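Some notes on the structure that comes next.
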Amino acid sequence: MNELKEFYAQMLLLRLFDQQCMDLKKKDLIYSGYHPYEGQEAVAVGFCAALQPDDVLLSTHRPHCHAVAKGCSLEAVLTEMMGRRTGCSGGLGGAMQFIAVENHFYCGSVVGSNLGLATGFGLAMKQRQSGQVCMCVFGDGASNHGTFHEAMNLAAIWKLPVVFVCENNQFAEAMPVKEFVACERISMRARGYGLEEITVDGNDVEESRRAANTAIELCRKGQGPVLIEAVTYRIRGHYVGDPEATYRNPAEVVEARKYEPLVRTKKKLLDGGCDPAELEAMQLAISDKLATLEQWAIQQEFPTLECAVDHVGIALANAPQVRGPLATSI
Ligand SMILES: Cc1ncc(C[n+]2csc(CCOP(=O)(O)OP(=O)(O)O)c2C)c(N)n1
């Protein structure tokens, strides 16, 4: 019960944070694309709960909740999206492409791009015998990219410690998954490459945690990689302002709201004897915390023009081929 309550608190934080970000996007205070996460919180919380702090999480163009669930601070994630210096990438990445090295978290907006990186991380982990696992989260749409097939095949051949998590929210932008995937489940594709395969109800936070645990354990024993399909539903449009009624019936969303993770978890908690007043107090406390966060975030400085090349200089200076005169002139 205590663990479920903790999961509920984390999912509620992500829900309210996501809603706050949608507002900030409408006010033009978030830069680059913003893709809402509402309805998918059980995947972020359940899967990240199974990771160790030094395991790697690779996300994609809908990353903010994954980042927070992986341990990045709300301050670092929000101000990154708002392009401020206090952001985890100094405000230079924006809402879809940032890294938080100390949290072992990376994301990027190019659909399918993190799959190949996951195989690379997995290979490094195996060669170094580090005991770490790389978890790579991507959408159903990304499962049709060439990188999905290449990464899966190579990871399986080399038995890499990679947990591939397809977060199937039923849509790739405006296209329902049934229109671009012919097989019954995306997880079935694991069979073609000789991977372990798991399908899980991605709206059930405890099931998600269990599935992640199983996959991570296999990887740590050298029996990875694993492909997990976490079945969920994207409650909001693909982006803020998406004319979603042009491609899905609003009644479908009303129905989906009955089974979304927070509704389900709250019911489980109340059925188990949890005091409704406690959950209300929890919500108020989170709302207060987020209001304070926003006030603080708005006051943070933007990076200067010089900051744009700071890290490029460091990266080049550290690259073996440019050590010497070129490096010192950067
Ligand atoms: C290589 C590439 N092609 C197209 C896009 C534009 N795009 C951004 S999100 C998206 C849909 C991705 O769908 P899915 O992988 O299912 O993830 P979801 O949005 O559902 O989380 C597309 C096509 C992109 N960012 N990168």
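Remarks
- Answer residue from region 1-37, given it is surrounded by fewer than 20 Cβ atoms within 10 Å (Cβ to Cβ) and within 14 Å of the ligand (Cβ to nearest atom) and is nearest to Val231 (Cα to Cα) among those: Gly33
- Members of region 209-240 found to be within 16 Å of the ligand (Cβ to nearest atom) and of a type in the set (Ser, Thr, Tyr), listed by number: Thr232, Tyr233, Tyr239
- Taking the listed residues Thr60, Thr79, the one that is of a type in the set (Val, Ile, Thr) and in contact with a strand residue (DSSP E or B) (Cβ under 7 Å, 6 or more places away or on another chain) is Thr60, with no other qualifying.
- Top-ranked residue in region 118-129 [being among the polar types (S, T, N, Q) and without any contact (Cβ under 8 Å) to a residue 40 or more places away in the chain; ranked as farthest from the ligand (Cβ to nearest atom)]: Gln129
- Meets criteria (under 11 Å from the mean Cα position of the chain (by Cα), closer than 17 Å to Cys107 by Cα, crowded, with 19+ Cβ neighbours inside 10 Å and away from the ligand (no atom under 15 Å from the Cβ)) for Ala44: no
- Residue count for region 81-106, restricted to those that are under 20 Å from Cys307 (Cβ atoms) and either among the hydrophobic types (A, V, I, L, M, F, W, C) or touching a His at 6+ places or on another chain (Cβ under 9 Å) (or both): 13
- Qualifying positions in region 137-177 - aromatic (Phe, Trp, Tyr) and away from the ligand (no atom under 14 Å from the Cβ): Trp158
- Selection within region 241-270: residues that are assigned to a loop (DSSP other than H, G, I, E, B) and within 16 Å of the ligand (Cβ to nearest atom). The member of this set that is nearest to Asn169 (Cα to Cα) is Glu260.
- In the set (1) crowded, with 24+ Cβ neighbours inside 10 Å; (2) within 16 Å of the ligand (Cβ to nearest atom), Val68 fails one condition alone, (2).
- Just one of the listed residues (Glu301, Glu244, Glu280, Glu306) is at pLDDT 95 or above and either more than 30 Å from Asn2 (Cβ to Cβ) or touching a Gly at 6+ places or on another chain (Cβ under 7 Å) (or both), and it is Glu301.
- Counting only helices (runs of 4 or more DSSP H) that sit wholly inside region 1-117, those with at least 3 residues that are over 23 Å from Val240 (Cα atoms) are 2-26, 41-49.
- Contact map, region 141-156: residues that are more than 16 Å from Glu229 (Cβ to Cβ) paired with residues that are near the ligand (Cβ under 10 Å from one of its atoms), Cβ distance under 8 Å, separation 6+ or inter-chain. Pairs shown: Gly146/Gly112; Thr147/Gly112; Thr147/Ser113.
- Ala285 farther than 30 Å from Lys159 by Cβ, surrounded by 11 or more Cβ atoms within 10 Å (Cβ to Cβ) and touching a residue at least 60 places away in the same chain (Cβ under 8 Å): no
- Being within 16 Å of the ligand (Cβ to nearest atom), among the charged types (D, E, K, R) and in contact (Cβ under 8 Å) with a residue 60 or more places away in the chain is a property that Glu75 lacks.
The values are calculated or read from the model by the stated rules, or taken from the named source; none is laboratory data. Computed from a predicted model, the values in this text were never measured in an experiment. Here Cβ is always computed from backbone atoms with ideal geometry, including for glycine, and neighbour counts include all displayed protein chains.
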